[in-house]
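J.: Pasting in a structure now, in structure tokens, and then I'll have a few things to ask.
The values are calculated or read from the model by the stated rules, or taken from the named source; none is laboratory data. Just so it is clear, the model here is predicted, and its values are computed rather than measured. All Cβ positions, glycine included, derive from the backbone under ideal geometry; neighbour counts span all protein chains shown. The protein model used for the area step is the full one, side chains on, heavy atoms only, and it has no ligands, DNA or RNA in it. Shrake-Rupley method; radii C 1.70, N 1.55, O 1.52, S 1.80 Å.
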Amino acid sequence: MLELLTAPEAWLSLVTLTAMEIVLGIDNVVFLAILVGRLPVGQQPLARRLGLSLALGIRIGLLLAITWIMGLTAPFFSVLGRGISGRDLILLGGGLFLIAKATWEIYDKVEAGHEEAAPSAARGAFMLVLIQILLIDIVFSLDSVITAVGMANDLAIMIIAMVLSMLVMLVSAGAVSDFVNRHPSVKILALSFLLLIGVMLVAEGAGSHVNKAYIYFAMAFSLLVEMLNLRYRKKRPARG
């Protein structure tokens, strides 16, 4: 461990991997903001902390089972001459879940009416949100762990990078959630991002590689346009 602290390449690997894990965690934070936004305000901070803690626990657990993770890339069976691995099945399932969830949430925001939830319903909603966070954490963690294994050779560096990236997400998750909840148009945009990510996961699971740089660029550009729209709408009444 002492050798790792004094080796420049170890520090470079740690910084690079931490940055990559933060980028990969953006999807997780956006999904968390959408789900937590359905809970009463008093329960949201606890749900965020539990959700991100679950994500970190799952990532470290998967890292400690690297042999099993790499085994997931071996085909279980074949469909139309193409081998289907455990990773493919997880990505397909997670992608379909995200597509269904994002579609339902968009419909719920645009078309459905809302009534005040009873306390018992709120408790049930809290558990339902945690279950959904747990399920999608598994999907997002798989990509995160496979990236970590590909970028670093030392388990300690992988774990430290994940802890550091999760601390960054823990600090920023509240601000992201509050911002998304304050601006309905941003919430719809975030749901559209989740829909896009779901399609990407399904494509990956079906064997079509999608360069994530294109996805992240599209998300960043859309967010920039929305920020300009928000600024314009904020200034327009003052000019009138």
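J.: With the condition kept exactly as written, say whether any residue in segment 136-151 is surrounded by 15 or more Cβ atoms within 10 Å (Cβ to Cβ), modelled with pLDDT of 75 or more and not hydrophobic (A, V, I, L, M, F, W, C).
T.: So far as segment 136-151 goes, yes, one or more of its residues are surrounded by 15 or more Cβ atoms within 10 Å (Cβ to Cβ), modelled with pLDDT of 75 or more and not hydrophobic (A, V, I, L, M, F, W, C).
J.: Same structure again: Tell me the residue from LEU191, LEU195, LEU224 that is under 28 Å from THR18 (Cα atoms), touching a Leu at 6+ places or on another chain (Cβ under 8 Å) and of a type outside the set (Lys, Arg), please.
T.: The unique qualifying residue is LEU195.
J.: Another question about this same structure. For the condition crowded, with 16+ Cβ neighbours inside 10 Å and without any contact (Cβ under 8 Å) to a residue 24 or more places away in the chain, what is the one hit in ILE157, ILE215? I'd like the intermediate steps shown before the answer.
T.: Working: ILE157 fails: without any contact (Cβ under 8 Å) to a residue 24 or more places away in the chain.
Sole residue among the options that is crowded, with 16+ Cβ neighbours inside 10 Å and without any contact (Cβ under 8 Å) to a residue 24 or more places away in the chain: ILE215.
J.: Shifting gears a bit: Using beta carbons and a limit of 9 Å, which pairs, at least six apart or on different chains, have the first residue in segment 1-25 and open to solvent by 100 Å² or more (accessible area, probe 1.4 Å) and the second one at pLDDT 70 or above?
T.: Qualifying pairs under 9 Å: MET1/ALA156; GLU3/ALA10.
J.: Considering segment 197-212 alone, what residues qualify as being open to solvent by 50 Å² or more (accessible area, probe 1.4 Å) and within 26 Å of PRO184 (Cβ to Cβ)?
T.: Result: VAL199, single match.
J.: Please enumerate the residues belonging to segment 107-133 that are at pLDDT 75 or above and open to solvent by less than 70 Å² (accessible area, probe 1.4 Å).
T.: Matches in segment 107-133: ASP108, ALA125, PHE126, VAL129, LEU130, GLN132, ILE133.
J.: Follow-up question, since we're still on this one. When you check LEU62 against the structure, is it more than 22 Å from GLY205 (Cβ to Cβ), assigned to a helix (DSSP H, G or I) and hydrophobic (A, V, I, L, M, F, W, C), yes or no?
T.: No, not satisfied.
J.: When you look at GLU204, is it more than 20 Å from the chain's Cα centre (by Cα), charged (D, E, K, R) and either more than 30 Å from ALA10 (Cβ to Cβ) or modelled with pLDDT of 80 or more (or both), yes or no?
T.: Here the answer is no, as GLU204 does not meet what is asked.
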